[in-house]
Amino acid sequence: MYTKRIIPCLDICNSRVVKGVNFVNLVDAGDPVEQAVLYNKEGADELVFLDITASSDNRDTVVDMVERVAANLFIPFTVGGGIRTVDDVKKILRAGADKVAINSAAIMNPKLISEAAYKFGSQCVVVAIDLKKRSDGSGWNVYKNGGRVDVGIDAFEWAKEACRLGAGELLITSMDADGTKKGFANDITAMISEAVDIPVIASGGAGSKEDFLDVFTKGKADAALAASLFHFKELAIKDLKDYLYENNISVRR
Amino acid sequence: MIAIIDYDAGNIASVIRALDYLGEKWVLTRDKQEILNADKAILPGVGSFKDALDNIRKYELEDVIKTFIASKKPFLGICLGLQLLFDESEESPGVKGLSVLPGVCKKIPASKDIKVPHVGWNSISLQKESKLFKGIPDNSYVYFVHSYYLEATNKEDVAACTDYGVTIHSAIEHDNVFACQFHPEKSSDVGLTIIKNFTSL
């Protein structure tokens, strides 16, 4: 049985895992390799490392971290945050990541998607889209720079364009839902998932087991990502998967 | 010593990391003697059927691979490395595969519920008593990334099947020839056990 994927996201700053709420009051939460190995043991299907290191001086440290993770983790993992060029993509993949997540840079330079897909294969190009509902309710706009800047383009159209350019997967984060713990944005997730023929990972808003069930049924997502819920041990991956299984969602257990 | 056949394929590094993790000795090589002297050989692969075969032929590895397999020493193909062992693929019409075993690779038909490429965890239904899957429970989950799937001609060569709209022949075992469509090096403990089963032969 093909399964829905559960993906914990680890926020990384200066090669350490950090925890915080909405990127403020960050506290050190340990070594990325140790955390990754633990998540693997708990049954995570994949991991996403989001590098939020502020200073560009320290960006090379992420390559070293990726190498250490790759030597010890034998499930797929994606690295995102600050990836701007094909050369950045190459460095991260060569260090051992299976996929890279590209966000703002893909908006500014959509060719980055097609060039990376051509050079390294679509399977390793995840296009991350941060989106927010327009105030008039007519649709969703794309945001960049960590969800701070409204780009003024329609998210549904951008998702289809990213797919056409060669993205292998889409990571859809709802800025409306993110941090609320009131559930994923199932409406736009389903719209995008049904319009593209590549897997869609839903992100933002996970607060309970039921939210995951909803995003897989109503939201038509292929995978669901959460950060704080898993970090703060509010929900164990095993319990979540048992619940999904009991509700007829195929998961790896 | 395990020879990893070097024809500039992708995913070599992740296979090497898994072997290192398991403490296995390996050599990455395209040297004929070095490959033939090895106890086991691995043919990795990510990319297109044609590009891979062009490189294999450019480096004069076709005969080396066939000679190695004829020596009855264990041989493992991974992902595209499985597909290359068969006759042809819809991905690259007219390009001859290595034809070590009979069969063809076809494009996975996409539909509303079946997205292509097939990315993610899917289960393997074991088809026979196999050395590769020793100690692995039936319907275990492994990680896939591919758009083309194998239909082997001889059902007795098929060690595992996977359902994804179509029946994928996801693992092969024929005498000393082993192959997986999925990525054991990315399939957590199940995958490491499969690699260990191979290296322990």
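Coordinate-derived values only; no laboratory data. These numbers were taken from a predicted model, which means no experiment stands behind them. FYI the Cβ positions are ideal-geometry reconstructions off the backbone, even for glycines, and counts take in every protein chain you see.
Calculated [222 nm] ellipticity per residue, helices only, for chain B: -7000 deg cm²/dmol; basis is -39500 (n - 2.57) per DSSP H run with n ≥ 4, divided by all residues, nearest 500.
Within straight-line reach of residue B:73, meaning a Cα separation under 23 Å, sit the following lysines at least 8 residues removed in sequence or on another chain: B:25, B:32, B:40, B:128, B:131, B:134, B:155, B:196. By other beta-carbon atoms within 10 Å, ranking B:87, A:51, B:113 with the fewest at the front produces B:113, B:87, A:51. Here the dipole of the stretch A:132-238 is about 320 debye; that uses its Cα centre as origin and unit charges on the Cβ of Lys and Arg (positive) and Asp and Glu (negative).
Filter A:220/A:241; A:19/A:241; A:144/A:181; A:19/A:133; A:4/B:186; A:119/B:112 down to the pairs with a C-alpha to C-alpha distance above 25 Å, please. Please report the intermediate quantities before stating the final value.
Numbers: A:220/A:241 17 Å; A:19/A:241 23 Å; A:144/A:181 22 Å; A:19/A:133 27 Å; A:4/B:186 17 Å; A:119/B:112 28 Å.
Distance filter (> 25 Å) returns A:19/A:133; A:119/B:112.
Straight-distance candidates among the aspartates and glutamates for linking to residue A:160, with alpha-carbon spacing under 15 Å and chain neighbours fewer than 8 residues away dropped: A:130, A:169, A:194, A:197. Of all aspartates and glutamates in the structure, the ones whose alpha carbon falls short of 12 Å from that of residue B:72, not counting any fewer than 8 places away in one chain, are B:39, B:175. Annotation note: trypsin sites (Lys or Arg not before Pro) in the stretch A:125-225 located in DSSP loop regions with a Cβ neighbour count of at most 11 within 10 Å are A:148. Projected over all directions and averaged, the alpha-carbon convex hull of chain A occupies 12.3 nm².
Adding -39500 (n - 2.57) for every DSSP H run of four residues or longer, then dividing by how many residues chain A holds, sets the calculated 222 nm ellipticity at -10000 deg cm²/dmol. Working note: Debye formula, equal point scatterers on the alpha-carbon atoms of chain B, no solvent; log10 I(q)/I(0) at q = 0.09, 0.11, 0.13, 0.14 Å⁻¹ is -0.29, -0.44, -0.62, -0.73.
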